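FYI, it's all coordinate maths here, none of it is from the lab. Bear in mind that the values here come from a model prediction, so they are computed numbers and not experimental data. For neighbour counting, all protein chains shown are included, and Cβ atoms are generated from backbone atoms with ideal geometry for every residue, glycine included.
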């Protein structure tokens, strides 16, 4: 006897997605509870984006008897039915006993019942005994059908931003205000934000090609059209230069982290930065 399950993988970064694939499993004996899921493996308590019967776990037994189980915030739902294309009475079920108690009337094709979740939490198991009578043969006894409770996924964390001015280089510039500069040929140098925070690295080669790499959590400030400002100099300024006045062939103003400017002996790399601290919404 074969059972189809769909195995889904969840993944979070900034956003979540679900990808599914089909897998065929064998169910060994009618008194064994084969655990297979439409969207997850039995015992896997991955959270769900929303409660739905599409998240059901499907158990399959002899003579086409199937049990679908799913839950929402308060209730576990059961559906017992039969689909046996090899039998004349392919969907007939006589009686159903749930935990030793007869459920509903006689000779129904589909039995549906519920159980309260009560104090059960995510990953807790709900055990149920079922006896299916009159399904074209001896009773099918299902002992301790095990269903794992799932809950809603928590909302993804959101960024709380702090903002800083950054300069690329480790050589301190002159004047009262803090700034750093980058001598030509320096190789990879640190980007400092707020004077002391390491926000990434920068390099400018002999041809004036620059590459800026921001450290995890750091990004260019949103809504700023000139968050990257670079100016080349033959001689260094006597104090921190006004980045908004950068101009000429050895300059750049925009948002690109890579590019080219005319090479010079010194460079000032000014960045408008933001740092993301993840917090629960």
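Full extension of the chain segment joining residue 262 with residue 215 gains 14.3 nm, where the gain is 0.36 nm per residue of separation less the Cα-Cα distance. Consider a paramagnetic label point 7 Å from the Cα of residue 74 along Cα→Cβ; state which residues of the stretch 87-130 have an amide N under 16 Å from it. Residues passing the 16 Å test: 114-120.
So between residue 133 and residue 101, what do we pick up on full extension, going 0.36 nm a residue minus the alpha carbon distance? The partial results should precede the final answer.
Working: separation 32, 0.36 × 32 = 11.52 nm, distance 1.26 nm.
Contour length minus the Cα-Cα distance gives 10.3 nm.
Considering the stretch 43-165 at the alpha-carbon level, its Rg and Dmax are found to be 19.1, 78 Å. Treating r as the C-beta distance of residue 143 and residue 91 and R0 as 30 Å, the FRET efficiency rounds to 0.80. Each label point was placed 7 Å from the Cα along the Cα-to-Cβ direction; for residue 242 and residue 201 their separation is 3.5 nm.
List residues of the stretch 128-162, by number, whose backbone nitrogen lies under 11 Å from a label position 7 Å along Cα→C-beta of residue 278. Hits in the stretch 128-162 for residue 278 at 11 Å: 156-159. As a length-normalised measure over Cα pairs under 8 Å and 6 or more apart, the relative contact order of the stretch 35-182 settles at 20 percent. Quick check: the distance between the Cα centres of the stretch 59-123 and the stretch 187-229, to the nearest angstrom? Value for the Cα centre distance between the two parts: 61 Å. Contact order, relative form, for the stretch 51-127: 24 percent (alpha carbon pairs under 8 Å, 6 or more residues apart, mean separation divided by residue count).
Provide, as a two-decimal number, the C-alpha radius of gyration of the stretch 187-227 over 2.2 N^0.38 Å, N being how many residues it has. Please list the in-between numbers first.
On the way: Rg = 11.4 Å, N = 41, 2.2 N^0.38 = 9.0 Å.
Taking the Cα Rg and dividing by 2.2 N^0.38 Å, one obtains 1.26.
The alpha-carbon atoms of the stretch 158-279, seen along their principal axes, cover 45, 30, 25 angstrom, with the largest extent given first. Between residue 83 and residue 66, the modelled labels are 0.3 nm apart [label points 7 Å from Cα along Cα→Cβ]. In a fully extended conformation the segment linking residue 161 and residue 45 would gain 38.5 nm over its present Cα-Cα distance, using 0.36 nm per residue.
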